[in-house]
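This report concerns only the one structure given below.
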């Protein structure tokens, strides 16, 4: 089977990048012919991406004009030249109109799949807008599957599940006496809306009030780092907290996973997270918020595979963490978490699920109709005067090019950015699906 994967290249860090770097070599080893293409421009740069992930052997995808029409034309041309049987879209929304164009022109006859990695309103809006041309959705989380059907209006038969996977070494409990000093780690993007990174300072204060001696390693970078560094300053100065910045997978394995007693997760929502599976695989316990995405997934069970607390409740989080000073409880959670990941979220289990899902997509009946290609707003005066396609022809002939201020403008993840109210509405509805009857802010 010929498979094309289209993914962004502006982001060299994160769970989606780690997932793709693991999945593609596994699919190739199983006999699939997989091509990876990533944008090459000002913000999305093929060169650094190819050096960061050499095993993907990604090829560049160029848009000489920087316009919407240029993006659609670039993808449609690639589809026409490769004519893959299956295309996986990873957060590049222009794939969908490009595939419709290539299909109408008779240059592409394959299936189109959205891989869904986030619980954000804009992606479900994209499913409504482009769903008639999307053969299937593959989501990494059970709740995301439900939302793809209920919010994205995709036929449930066309929504498939395949989780992330991580390496699972033999079980080994983390060393050191938790009753003396409880060694904790927080790993992720330093961001507030999803990750709730600013819960960490009050959490440390709550642990101090309980008399719990801790050491916290924070691995990650992001827009909230300066503010977090200021609020954590007393603990950093006292040696309680280490703010490590970005830590790559090698250093995570060498310095974080297996070298702390527990991973702390404060998130509002997740579709994994991969960091939880990595920590459990290393023998660490997980103490987590009951984030949206954890309920239907059914992996983090309180007092069985993890310790859980209501999202944002730092007093409850501190109380659960304090329990880990009991060595027997820590070891029980460590063993249970390791067994969970070995059975459900290992690289082998994940790869088998993705291979199964891809073959299921190929067995689905063809889409019933071909929807018209959406017409975006004119990119400039040439489009208004000549029409979008002739305007693009002249733009290329004249060597004109749009300059974009951000990666999301240059090659958008989605067709639009939902406002705060839309995101809050989605999170509330998702929370009720994921944790029925539980209170939600």
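The values are calculated or read from the model by the stated rules, or taken from the named source; none is laboratory data. As the structure is a prediction and not an experimental result, all values here were calculated from the model. As a convention, Cβ positions derive from the backbone with ideal geometry for all residues, glycine included, and neighbour counts pool all protein chains shown.
Structure above, values below:
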quantity: Failed item, numbered, when residue 329 is tested on (1) under 22 Å from the mean Cα position of the chain (by Cα); (2) surrounded by fewer than 24 Cβ atoms within 10 Å (Cβ to Cβ); (3) not in a loop (DSSP other than H, G, I, E, B); calculated: (1)
quantity: Members of the stretch 162-173 found to be part of a loop (DSSP other than H, G, I, E, B), in contact with a strand residue (DSSP E or B) (Cβ under 8 Å, 6 or more places away or on another chain) and closer than 12 Å to residue 281 by Cβ, listed by number; calculated: 165, 167, 168
quantity: Number of the condition not met by residue 130 [criteria: (1) surrounded by fewer than 21 Cβ atoms within 10 Å (Cβ to Cβ); (2) assigned to a helix (DSSP H, G or I); (3) in contact with a helix residue (DSSP H, G or I) (Cβ under 6 Å, 6 or more places away or on another chain); (4) at pLDDT below 95]; calculated: (1)
quantity: Among (1) closer than 25 Å to residue 362 by Cα; (2) surrounded by 18 or more Cβ atoms within 10 Å (Cβ to Cβ), the one test that residue 59 misses; calculated: (2)
quantity: Among the candidates 316, 304, residue that is without any contact (Cβ under 8 Å) to a residue 12 or more places away in the chain and more than 24 Å from the chain's Cα centre (by Cα); calculated: 316
quantity: Residue 296, sole failed condition from (1) assigned by TED's automatic domain parsing to the domain that holds residue 196; (2) surrounded by 20 or more Cβ atoms within 10 Å (Cβ to Cβ); calculated: (2)
quantity: Residue satisfying condition, being modelled with pLDDT of 95 or more, part of a strand (DSSP E or B) and at negative phi, within set 24, 34; calculated: 34
quantity: Strands (runs of 3 or more DSSP E) fully within the stretch 37-125 counting 2 or more residues that are under 21 Å from the mean Cα position of the chain (by Cα), in the same structural domain as residue 7 (by TED's automatic domain parsing) and free of Cβ contacts under 8 Å to residues at least 60 places away in the same chain; calculated: 111-116
quantity: Test set (1) assigned by TED's automatic domain parsing to the domain that holds residue 244; (2) crowded, with 20+ Cβ neighbours inside 10 Å; (3) part of a loop (DSSP other than H, G, I, E, B) - residue 152 fails condition number; calculated: (1)
quantity: Residue in the stretch 346-368 that is over 21 Å from the mean Cα position of the chain (by Cα), closer than 26 Å to residue 175 by Cβ and either outside the structural domain of residue 290 (by TED's automatic domain parsing) or without any contact (Cβ under 8 Å) to a residue 60 or more places away in the chain (or both) present; calculated: no
quantity: Residue check for residue 86: buried (at least 21 other Cβ atoms within 10 Å of the Cβ) and under 25 Å from residue 366 (Cβ atoms); calculated: yes
quantity: Hey, residue 140 modelled with pLDDT of 95 or more, under 30 Å from residue 317 (Cβ atoms) and within 21 Å of the chain's Cα centre (by Cα) or not; calculated: yes
quantity: Any chance residue 272 is more than 21 Å from residue 14 (Cα to Cα), touching a residue at least 40 places away in the same chain (Cβ under 8 Å) and in the same structural domain as residue 203 (by TED's automatic domain parsing); calculated: no
quantity: Only listed residue being buried (at least 21 other Cβ atoms within 10 Å of the Cβ) and either out of contact with any helix residue (DSSP H, G or I) (no Cβ under 7 Å at 6 or more places or on another chain) or under 16 Å from residue 401 (Cα atoms) (or both), chosen from 66, 41, 47; calculated: 41
quantity: Strands (runs of 3 or more DSSP E) wholly inside the stretch 179-289 containing at least 2 residues that are touching a helix residue (DSSP H, G or I) at 6+ places or on another chain (Cβ under 8 Å) and farther than 27 Å from residue 329 by Cα; calculated: 241-245
quantity: Residue 8 vs. criteria in the same structural domain as residue 119 (by TED's automatic domain parsing), touching a helix residue (DSSP H, G or I) at 6+ places or on another chain (Cβ under 9 Å) and over 25 Å from residue 272 (Cα atoms); calculated: no
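Here is a yes/no grid of residues against (1) over 27 Å from the mean Cα position of the chain (by Cα); (2) in a loop (DSSP other than H, G, I, E, B); (3) modelled with pLDDT under 90; (4) closer than 20 Å to residue 99 by Cβ:
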site: 371; (1), (2), (3), (4): yes, yes, yes, yes
site: 393; (1), (2), (3), (4): yes, no, yes, no
site: 396; (1), (2), (3), (4): yes, no, yes, no
site: 405; (1), (2), (3), (4): no, yes, yes, no
site: 409; (1), (2), (3), (4): no, no, no, no
site: 426; (1), (2), (3), (4): no, no, no, no
site: 429; (1), (2), (3), (4): no, no, no, no
site: 438; (1), (2), (3), (4): no, yes, yes, no
